[in-house]
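Since the structure comes first, as structure tokens, the remarks are kept for the end.
Derivation of every value follows stated rules applied to the coordinates shown; laboratory data play no part. Because the structure is a prediction, the values reported are computed rather than measured. Glycine gets a Cβ as well: all are built from the backbone with ideal geometry, and neighbour counts include every protein chain shown.
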There are 2 protein chains.
Amino acid sequence: MNIRGHSKLKSTELLERATIVVPGGMYGHQNASSLPAPFPQFMRSGQGARVVDVDGNEYLDLMCSYGPVVLGHHHPLVERAAAAQAKLADCQNAPSERMVEMAEAMVATVRHADWAMFQKNGTDATTLCCTIARATTGRRRILMAEGAYHGAAPWCTPRLAGVTPEDRVNVGYFTFNDLESVKAAVAMTGDDLAGIIVSPFRHDAGLDQELVDVAFARGLRNLCDETGAALILDDVRCGFRLNVGSSWELIGVAPDLSAWSKAIANGYPLAAVLGSDRFREGATSVYTTGSFWFSSVAMAAGVATIEALRGEDAIATMVRMGEALRTGIALQAERVEIGIKQTGPVQMPYLTFDDDGRGNHLLADFFASKALENGLFIHPRHNWFVSAAMTEEDVEVALDATQKAFNAVSALMRSRATR
Amino acid sequence: MNIRGHSKLKSTELLERATIVVPGGMYGHQNASSLPAPFPQFMRSGQGARVVDVDGNEYLDLMCSYGPVVLGHHHPLVERAAAAQAKLADCQNAPSERMVEMAEAMVATVRHADWAMFQKNGTDATTLCCTIARATTGRRRILMAEGAYHGAAPWCTPRLAGVTPEDRVNVGYFTFNDLESVKAAVAMTGDDLAGIIVSPFRHDAGLDQELVDVAFARGLRNLCDETGAALILDDVRCGFRLNVGSSWELIGVAPDLSAWSKAIANGYPLAAVLGSDRFREGATSVYTTGSFWFSSVAMAAGVATIEALRGEDAIATMVRMGEALRTGIALQAERVEIGIKQTGPVQMPYLTFDDDGRGNHLLADFFASKALENGLFIHPRHNWFVSAAMTEEDVEVALDATQKAFNAVSALMRSRATR
């Protein structure tokens, strides 16, 4: 892969065109302007665990489209189901049978779920969970962890431009894994607590990932039981990568509502809210809809994704590949005597360098650049994603790239030390 | 079509299954529970101007998936472009060349636009317009027409369940086509007016449609020029059905920002915000994104849709078919001596019956039922949509169904009169 040397001529040319017709050239999480220089702004194709950018550089893919691709690109079972449905119809005057099948599949798969509703964005799902919590409880206040990402609507988007203070007046904050901070926030809401929204683990961008403390999760469950508020699990990023079911089934804590998107249809645009019977009436009372929310192709892809996840024992594969990757990277770092931390579940790895310039991530940026130039697509400030399409050989390819990247970091550090 | 008589066995059976796993059985604008009994809850397929429900009933389609289908179902040029892109990739680590092409195509097509951003839902687009208006002006207040539909987020959704008062504290209301009411609302905002959002014509569900008064539109433009607020055109429902360009180009009024979705990719899930250079910096400052916003297949479909709209002179076809339909319906009503009103642009027709039970729409419901049973898919309380796939023969088929429906309404009215 990438044998002709890394080029980004075409990507740069496209970005010049984009800069004329798109504000800032690009926006959102796929804006490459915040990434190190070698990163391409435009991609061309993908197959299995490999992706190719517009300049023909091929990469082993450890970003998986920031999560949606869980079985690998162009998974045959998913593509077949989507193509069969596309021949019939996608967006119609009413949903198709596929929507019932997908709702049944989600309810059968996720333990806490008695019902399902579908949307297009993860943000649709997290926002709708809050709305259903409010409709059910008749209360207003939602608590979330400070710094957590629950989407890009005014109530939660990480940048404040265009957001009014009123958009957040009903949102309170706590510290992830700090139950006392939640209790304090709950106390401040008085009798107005509608819900607590939380991600399965702390996956804030740019920070070491932090697995959930089981006592913390249980504590949230108890607080919600005591107050009647909804416990909302934001499984948008983790859902179906850690478990074929809710990510907190692994620790035995059941939310009342959960938000899903990304991986549930292996890259086809779909989101979902799942809930328990206590919230069914509230969910029915809310008016929520979208032009493409009932489209069938993504739902057909979703049904096939769930089948394939089970049929291929996909989680076990991702765990195995993720563990091999983590072990290999740890060994490489040790050998070149570079202090690193690897955090998060092995399927969603995150790598930081000790003393990496107080959050500047200069070493992480340099490492990611060198990995990219050697054919591995990772991100310096966002967790990576392992897909079930990865093989042992792919892990070797990945580790070859990380080895070269570590060597480059080591050389950089030595040159700095001797200056 | 529908020669074996209208059946809804399979649709009913699916709805029974759905009722277990979906709150209320279905939600949003595609919830058939508010439609007359013969309407199916589930569809199977579509081709050109024809759609088939899960029971095999075939209909001439005058709903066009509530707007997205503008060239007809499975338009060959659009399907070819989408399939070619799908072979490469859809959702990737970064957008593809298709995004640049689609942004260029939108900017080249829509006169007021200097730039484009893409999303998935019409609600994403209208909400982002408000956010960009706020980011640019540093102000908070948005004005909208009372009763207008601008999406299903808490700030604008038509039902209040789960909505907090704070969600709407920065929204003010005026009456469509009543400039004095806008001036009064503007006066009340003081110096805090960020934007005025308005649809190209009044297409509120359940009410006679009302074309925009040109003086009203110009008055809004002047008010925004005087105050520095953004004039936001919500072209989600009308865009590319009235004009290949902004719907207000037809009256020579340019908005600052416009929201698009539905028809721009002929049924593939896509939305867009277009804006002028004055709002580019504000748009750049806002953090907005979605997992599937950069997906390529819908953008490839969008580029092809714009080409086909132009290449086939699709607007002229829709106008011609819409006019033939309107003339035919008017004649039929006259002949059976039933008082009706046909309102809205001919491509987005809406039919009401005089003295139809004070908003109960009983006659409209009955008429729509009979039309449906005779093979015409319309809606009793929502505007219809003509597609460019309609032919003169299709208009005849539609008019045959409306004739039978008028006859049934006439018989019903006579039986009531003699009771």
- Roughly what angle does helix A:362-373 make with the longest principal axis of chain A, taking Cα atoms, 0 to 90 degrees, to the nearest 10? 70
- Message: Within 11 Å, Cβ to Cβ, of B:S291, how many net charges do the neighbouring residues add up to if Lys/Arg are +1 and Asp/Glu are -1?
- Response: +3
- For the peptides A:10-21, B:180-191, what is the packing order when you average, over each peptide's residues, the other Cβ atoms within 10 Å and list the highest mean first? A:10-21, B:180-191
- Amide H within-cut-off set for B:R44, under 5 Å, with H built and near neighbours excluded: B:V52, B:D53, B:V54
- Task: Based on other C-beta atoms within 10 Å, arrange A:I340, B:I196 from fewest to most.
- Result: A:I340, B:I196
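What is the average number of partner chain Cβ atoms found within 10 Å of a Cβ in A:108-118?
2
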- Item | Label spacing, shortest first and in nm, from B:E323 to its equivalents in the remaining copies (7 angstrom along Cα→Cβ) | 7.3
- the stretch A:57-147: GluC sites (Glu not before Pro) in DSSP loop, at most 12 other beta carbons within 10 Å: none
- Return the single residue from A:L363, A:L351, A:L233 with maximal mean-square fluctuation; model: Gaussian network over chain A, springs between Cα atoms under 10 Å. A:L363
- Message: From the phi angles alone, apply the Karplus equation (6.51, -1.76, 1.60; θ = phi - 60°) to the stretch A:61-66 and give each ³J(HN,Hα) in whole Hz, x where the residue is Gly or Pro.
- Response: 9, 10, 10, 6, 6, 6
- Identify which of B:R98, B:R326, B:R278 has the largest mean-square fluctuation in a Gaussian network model of chain B, with springs joining Cα atoms closer than 10 Å. B:R278
- Message: Based on alpha-carbon centroids, what's the gap between the stretch A:49-126 and the stretch A:383-419 in Å, whole number please?
- Response: 30
- Task: Starting with the fewest neighbours, write out B:V214, A:V319 ranked by other beta-carbon atoms found within 10 Å of each beta-carbon.
- Result: B:V214, A:V319
- Under 24 Å from the Cα of B:K370, which lysines turn up, not counting those fewer than eight places away in the same chain? B:K8, B:K10, B:K341, B:K404
- Query: What are the ³J(HN,Hα) values, in whole Hz, obtained from phi via the Karplus relation 6.51 cos²θ - 1.76 cosθ + 1.60 with θ = phi - 60°, for each residue of the stretch A:307-320 in sequence order, with x given for Gly and Pro?
  - Reply: 4, 5, 4, 6, x, 9, 6, 5, 4, 4, 4, 4, 5, 4
- Query: If you put a point 7 Å past Cα along the Cβ direction, how far is that point for B:I20 from the same point in each other copy, in nm, smallest first?
  - Reply: 5.7
- Net charge of neighbours whose Cβ lies under 13 Å from the Cβ of B:D225, counting Lys and Arg as +1 and Asp and Glu as -1: +1
- Task: At 0.36 nm per residue, minus the direct Cα-Cα distance, what do B:H6 and B:D114 gain on full extension? Give it in nm, one decimal, please.
- Result: 33.9 nm
- Which value, in debye to the nearest 20, describes the size of the charge dipole of the protein assembly as shown about its Cα centre when Lys and Arg Cβ atoms bear +1, Asp and Glu Cβ atoms bear -1, and nothing else is charged? 140
- Mind checking the dipole of the stretch B:270-419: about its Cα centre, +1 per Lys or Arg Cβ, -1 per Asp or Glu Cβ, Debye to the nearest 20? 580
- Item | Inter-label distance, nm, simple model (7 Å from Cα along the C-beta direction), B:D208/B:K341 | 0.3
- Going fewest to most other Cβ atoms within 10 Å around each Cβ, B:T157, A:T131 line up as B:T157, A:T131
- Task: Find the relative contact order for chain A and round it to a whole percent, using C-alpha pairs within less than 8 Å whose residues are 6+ positions apart.
- Result: 22
- Which one of A:M43, A:M318, A:M390 has the biggest mean-square fluctuation once chain A is modelled by GNM with Cα springs under 10 Å? A:M43
- Task: Along Cα-to-Cβ, 7 Å out, sits the label point; list in nm, shortest first, how far the one on B:V214 is from those in the other copies.
- Result: 7.4
- Counted charge near A:L160, where neighbours are those whose Cβ lies closer than 15 Å (Asp, Glu -1; Lys, Arg +1): +2
- Query: Quick one: helix A:179-189 against the long Cα principal axis of chain A, what's the angle to the nearest 10°, folded into 0 to 90?
  - Reply: 40
- Message: Multiplying the sequence separation of A:Q47 and A:R416 by 0.36 nm and subtracting their Cα-Cα distance, what value in nm do you get?
- Response: 128.9 nm
- Message: Taking every DSSP beta bridge with both residues inside the protein assembly as shown, roughly what % is antiparallel (nearest 5)?
- Response: 55
- Once you average over the residues of A:165-176, how many Cβ atoms of partner chains fall within 10 Å of each Cβ? 3
- CD proxy, 222 nm, chain B: helix-only mean residue ellipticity via -39,500 (n - 2.57) per DSSP H run with n ≥ 4, per residue, nearest 500, stands at -12500 deg cm²/dmol
- Counting partner chain Cβ atoms within 10 Å of every residue's Cβ in A:7-18, what's the average? 2
- If amide H atoms are modeled at 1.01 Å from N in the peptide plane, then the residues at a separation of 5 or more from A:A272, or on another chain, having amide H under 5 Å from its own are A:Q119, A:W260, A:S261
- Note on the structure: Expected vector for the stretch A:40-48, Karplus 3J(HN,Hα) from phi with 6.51, -1.76, 1.60 and θ = phi - 60°, integer Hz, x for Gly and Pro, equals x, 8, 9, 10, 10, 8, x, 8, x
- Where a Cα-Cα gap under 16 Å defines reach, which aspartates and glutamates qualify for B:K120, not counting those fewer than 8 residues away within the same chain? A:D90, A:D124, B:D90, B:D234, B:D235
